[in-house]
Amino acid sequence: MKKVYLMIILTLGLIVTSGCAKLNNTNTPGKDDKTNNSKPLTKVVIDAGKKEVTDNNAKSANLEIADNAFFIKSNVSQVNFKGTFLFTDVIEKQVILHFSEVANLKYGKLYQLKLDAIKDVPNDRLRLAYLYVQKNKIYKIEPTSINELKTSEEIPIDSVIVCQDKEMKDTLNDNELGWHHYIEVNGDTREYHSYNNQVSTGYYESFSWKKGKGLINYRSGYGAERDSIELQLK
C-alpha cells in the first residue's frame, strides 16, 4: 500500500510541476512573441519608405509642372539686363534682375522679380512683378492676392496671363477706354502688352519671352514715358 501511495504522490507532483512550467512559458515572451511585437515596427518602416517615395515623386511632378520653356531654369536665380530708367534723369546701366522663389505650390511656383536699389528710382518700381509659373502658362499675380494664392492655390480673379502658347486677343477695341491686355505670338517669342487709356498718363507694361531663354525684354511706365523702366536681355 505504501508503494501505491508513493506512486500517487509522485504522479500528482509531476502534474503540478508541468502546469507551473506551462504557466511560466505563457507569461514569458518567447521568440514568437518578439516576432509579433516587431510587426508594427516593420510596418512603420515600410510606410515611411512609401511616404518618402511619394514625396520624391510629388517634388518631381511639381518641377515638371513649373518647368516652363519660356521661363528661367530652376537653377537660375538672377539674370543680367541692360536697363534704361527715366525718372528725375535718364539712367542707363547694367542691372541684375533677381528671380526669387516665394512659394512652391501644388500646381506651380511663385516668383518675385526685383531689381537692386538704383538711385532716384522708387523701391516700389524696382519690385517689377509676382509671377506664378506653370508648365504652359505664366500669370502675373497682384501683390494683394499673394496670400490668397498661397492659401487656396487657386488663381486669383485679378490675375492676368502674361505668357502662353496661344495668342490672346484684347477684349476691348483699340479706341475703347479701359485696361487692354493681349498676347502676340511670333515664332518662339511671346509678347504680352497691357495699357490703360482711360487717362493720358495711364500705366503700361509689357513682357517679352523667348523659348529657351526666358524673359528678354520688360517695359513699364506711364504716359509720355514718365517714370519708365526698360530692361533688355544682354
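No lab work stands behind these numbers, since they all come straight from the coordinates. Computed from a predicted structure; not experimentally measured. Cβ atoms come from the backbone with ideal geometry, glycine included; neighbour counts cover every protein chain shown.
If we scan region 134-155, do we find a residue that is in a strand (DSSP E or B), among the aromatic types (Phe, Trp, Tyr) and under 16 Å from residue 228 (Cβ atoms)?
Looking through region 134-155, none of the residues is in a strand (DSSP E or B), among the aromatic types (Phe, Trp, Tyr) and under 16 Å from residue 228 (Cβ atoms).
Restrict the check to region 212-226 and report whether at least one residue is in contact (Cβ under 8 Å) with a residue 12 or more places away in the chain, farther than 27 Å from residue 86 by Cα, surrounded by fewer than 16 Cβ atoms within 10 Å (Cβ to Cβ) and of a type in the set (Lys, Arg).
Checked against the condition, which is being in contact (Cβ under 8 Å) with a residue 12 or more places away in the chain, farther than 27 Å from residue 86 by Cα, surrounded by fewer than 16 Cβ atoms within 10 Å (Cβ to Cβ) and of a type in the set (Lys, Arg), region 212-226 yields no hits at all.
Scan region 96-113 for residues that are of a type in the set (Lys, Arg) and either over 16 Å from residue 214 (Cβ atoms) or surrounded by fewer than 17 Cβ atoms within 10 Å (Cβ to Cβ) (or both) and jot them down.
Result: 106, single match.
Mind checking which pairs have a first residue in region 151-178 that is under 24 Å from residue 217 (Cβ atoms) and a second that is in a loop (DSSP other than H, G, I, E, B), Cβ under 6 Å, 6 or more apart or different chains?
Listed pairs, sorted by first residue: 163/70; 172/178.
Consider only pairs whose beta carbons are under 6 Å apart and that are at least six residues apart or on different chains; among these, list those whose first residue lies in region 79-90 and is closer than 20 Å to residue 216 by Cβ and whose second residue is surrounded by 12 or more Cβ atoms within 10 Å (Cβ to Cβ) and of a type in the set (S, T, N, Q).
The qualifying pairs are 82/232.
Which residue is surrounded by the most Cβ atoms within 10 Å (Cβ to Cβ), if the candidates are limited to region 157-172 and must be of a type in the set (Val, Ile, Thr) and not in a loop (DSSP other than H, G, I, E, B)?
Among them, the one singled out is 162.
So which residues in region 70-95 are hydrophobic (A, V, I, L, M, F, W, C) and either crowded, with 16+ Cβ neighbours inside 10 Å or not in a loop (DSSP other than H, G, I, E, B) (or both)?
Within region 70-95, 70, 71, 72, 79, 81, 85, 86, 87, 90, 91, 95 meet the criteria.
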